[in-house]
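Notes follow once the structure below has been shown.
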Amino acid sequence: MDRVNKIIKNRDYQKYLNELKKMEKNRKFCRHNLPHFLDVARIASIINLKTNAQIDDEHIYAAALLHDIGRAKADVYDPSHAAVSAKLSEKILRDCCFFELEINYILDAIIRHDDKNFNNVKNLSGILYIADKLSRPCYMCDMKEPCFWNLEKKNLELKI
Ligand SMILES: [Fe+2]
Ligand SMILES: [Fe+2]
C-alpha cells in the first residue's frame, strides 16, 4: 500500500480535501471527505474479496480515495464531478508512482463511478460504483426525504 500512502500524503490531494471540507462545511446532505473515501475503499475491498474479482487493493484504494475530489472544482470547470475528479487525479497518480496503464484503469473507474450502467459489473468501475452507493446510511439519515437520490440508489436497510 506504499503508493496509496503516497496519495494520502500528496500535497495536491490534501489541498483538494481541504477545499472540499471548506466547501461542504454547512452541507446538510452526505459529505465527500476522507471518511467517505475510506468507507468506499473498504466496502469495495470487501466486495472484491467476496466476489473473487481479484482486483489489486492499491487500485481499489487509489480509485476510492480520489473518486470525488473533483467536487471541489466541479462548479467551476464542469458539471460532472466524476470527470473533474479524473482530471485532477491524473497528476496525483503519476506523482505517486502509478504506471500509465494503471493510471488509465483507475481514471476510467473514477469517470464511471456515477454511471448506473456499471451497477452490476464486477470490475473496478462496477465495484467502485456499488461501494460508493452502499457507503451511505440512508436508513439513518435525517435528509432522507429531501435527498435527490432515487429509491433505487438509497440504502433503506444495511446491506454490508
Ligand atoms: Fe461521486
Ligand atoms: Fe462518493
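Per 0.36 nm of contour for each residue apart, how much would the distance between residue 119 and residue 160 grow if the chain were fully extended, relative to their Cα-Cα spacing?
Working: separation 41, 0.36 × 41 = 14.76 nm, distance 1.56 nm.
Gain on extension, residue 119 to residue 160, equals 13.2 nm.
For the residue pair residue 18 and residue 5, what label-to-label distance in nm results when each label sits 7 Å from Cα along the Cα-to-beta-carbon direction?
2.3 nm
Going down the list 6/144; 122/159; 15/116, which pairs span over 27 Å between their C-alpha atoms?
Numbers: 6/144 36 Å; 122/159 17 Å; 15/116 29 Å.
Over 27 Å Cα-Cα: 6/144; 15/116.
Can you work out the PRE-style zone for residue 53? Point 7 Å along Cα to Cβ, and I want the residues of the stretch 91-116 with backbone N under 16 Å.
105-116
Assuming 0.36 nm per residue, please report the length gained on full extension of the stretch residue 141 to residue 31 beyond their Cα-Cα distance.
On the way: separation 110, 0.36 × 110 = 39.60 nm, distance 1.23 nm.
That works out to 38.4 nm of additional length.
Would you calculate, for the chain, the mean residue ellipticity at 222 nm contributed by helices, counting each DSSP H stretch of 4 or more residues as -39,500 (n - 2.57) and dividing by all residues, to the nearest 500? Don't skip to the answer; put the middle values down first.
Working: 8 runs with 90 residues, N = 160.
It comes out at -17000 deg cm²/dmol, rounded to the nearest 500.
Just want the ordering: 141, 96, from fewest to most Cβ atoms lying within 10 Å of their own Cβ.
Details: 141 16, 96 21.
Arranged by neighbour count, lowest to highest, 141, 96 become 141, 96.
Read the figures in this text as sums done on the coordinates, not as results from a lab. Since the structure is predicted, the reported quantities are computational estimates derived from the model, not experimental observations. Every residue, glycine among them, receives a Cβ derived from its backbone with ideal geometry; neighbour counts consider all protein chains shown.
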